[in-house]
Every structure is written in C-alpha cells, then in structure tokens.
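Quick notes on the structure that follows.
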Amino acid sequence: MQGPETRASLIGKLRVPASQEAWTEFVELYRPLVIRVARAKGLQHADAEDLAQDVLATVGRAVDSFDPAAEGSFRGWLFKITRNLCINHLTRGRGPIGSGDSDVQRILLQLPADEATVTLFATEHRRMRFRQAAEALKPSFQESTWLSFWWTTVEGRSIESVAEALGKTNGSVRVARCRVLAKLKEALQQQD
C-alpha cells in the first residue's frame, strides 16, 4: 500500500478497550474509506454501512493480535479485512455459508489481492488524507487564495478564468496556488 502507515501510538491505544478517543479517531479515519471501497465494489449504501460496522468490529476483536512483523502494515491488514468481508457479503446466499474456522480465514488472507481493489483502497486512502488536510488548512488562508488553489488544482479551471473570476492577475493566482500547495504538502508529510 502507498502512503503513510497508521501511527503506532493509535494502534497501541486501540488495544485499550476503554480508549474512546482512539476508537473515535480510528472510526473517523477509516470508516469513510471502508464505505467508499465497499460502494465501489458494488454494495448499496446500507450494505456498505453494515460492512463498515463489521470491519470495525473485526478490528476491535483482532487488534490485540495484530503483529506488524507477521501481518505487514496496519492499513494493509485493514485492507485484507475489508476485502474479505466485502467478498463474504457479495457472495452471501450464493453458496454454502463459511465455517468461520480460523484455518479458512488464514487461507483467505493468503489469497492474492485483486489489484484493482488494492489500487482503489490506496486511491481512496489518499483522497481521504487530502480532504482532511485541505479542511484543516482552509481556514488559514484568505478566501481568494484558497479559491485560486481549489479552482485551478481541484476543479481544473484555467488560471486565466480563475484570475478573471477573482479579479486577480494570472501571476497572483499562480502564487496563491503554489502557497496553498506547499502548505498542503507539508501537512501531508507531517501525517507520515
């Protein structure tokens, strides 16, 4: 998986059942990601919500046994759980019900990941990080500076049309965009 790993301190706090703050942070970080991946795999909204609850419950039950040396990255482990539960959901009712045997689970975890799903999970994770960093940074810029960045970078508008809409020069739109991008990159690197 690409991008930063989940902070070891957050993983450690998740192992303490009474750590409501850690679980709240975890749910805010990863629930939307799980839902977007499930929706992209064809689940309806309500089913994606149910899947997210199942993933969170599974993580809650298994986080004590998470071992980075054996499992790899936490996000990779979370991805495997999401993928397997999504497969289970999509195939439910189409064949025999799984045994729940830990050997079966181990075999499922060893199956190679569908490359499209891995890419989707990584892309959604990057989008989620971008949105969070952007929301946190937005208040620190003047509206015209933020709009110069947002309209040209996110919405793909031309510098000329943004300059005209904001009553600025092309150069000032470029400078504003660069200032926001630099701060955004810095904020994303601090998340690493």
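The values are calculated or read from the model by the stated rules, or taken from the named source; none is laboratory data. Note that the structure is predicted; figures quoted are calculated from it, not measured. These accessible areas exclude ligands, DNA and RNA; they are computed on the full protein's heavy atoms, side chains included. Shrake-Rupley method; radii C 1.70, N 1.55, O 1.52, S 1.80 Å.
Note down the accessible area of ARG39, probe 1.4 Å, to the nearest 10 Å².
ARG39 has an accessible surface of roughly 110 Å² with all protein chains in place.
Ratio of the range 28-83's C-alpha Rg to 2.2 N^0.38 Å, to two decimals?
Details: Rg = 11.5 Å, N = 56, 2.2 N^0.38 = 10.2 Å.
Cα Rg divided by the expected 2.2 N^0.38 Å: 1.13.
Straight distance only, please: which lysines reach the Cα of LYS138 with their own Cα at less than 23 Å, same-chain residues fewer than 8 apart left out?
Cross-link targets: LYS168, LYS183, LYS185.
When only the heavy atoms of the protein chains count and the probe is 1.4 Å, how do GLU25, GLU143, GLU186 rank by accessible area, highest first? Before the final figure, lay out the partial values.
Numbers: GLU25 60, GLU143 140, GLU186 85 Å².
Accessible-area ranking of GLU25, GLU143, GLU186, largest first: GLU143, GLU186, GLU25.
Among HIS89, HIS45, what's the order by accessible area (1.4 angstrom probe), most exposed first? Each step should come with its number before you reach the end.
Values: HIS89 40, HIS45 100 Å².
Ranked list, largest accessible area first: HIS45, HIS89.
Which lysines does LYS80 reach when only Cα atoms under 28 Å apart count, and residues fewer than 8 places away in its own chain are ignored?
Hits, sequence-local ones excluded: LYS13, LYS41.
Which three numbers, in whole Å and largest first, are the semi-axes of the equivalent ellipsoid of the range 126-192 derived from its Cα gyration tensor as √(5λ)? Provide the component values of the computation, followed by the final result.
Values: eigenvalues 98, 24, 18 Å².
Square roots of five times the eigenvalues give 22, 11, 10 Å.
In whole Hz, what ³J(HN,Hα) sequence does the range 157-174 give by Karplus (6.51, -1.76, 1.60; θ = phi - 60°), x for Gly and Pro?
In residue order, the calculated couplings are 6, 6, 4, 4, 5, 5, 4, 5, 5, 9, x, 10, 8, 4, x, 5, 5, 4 Hz.
What residues have an amide H closer than 5 Å to that of ARG157, excluding those fewer than 5 places away on the same chain, when H is modeled at 1.01 Å from N in the peptide plane?
Amide H neighbours of ARG157: THR152.
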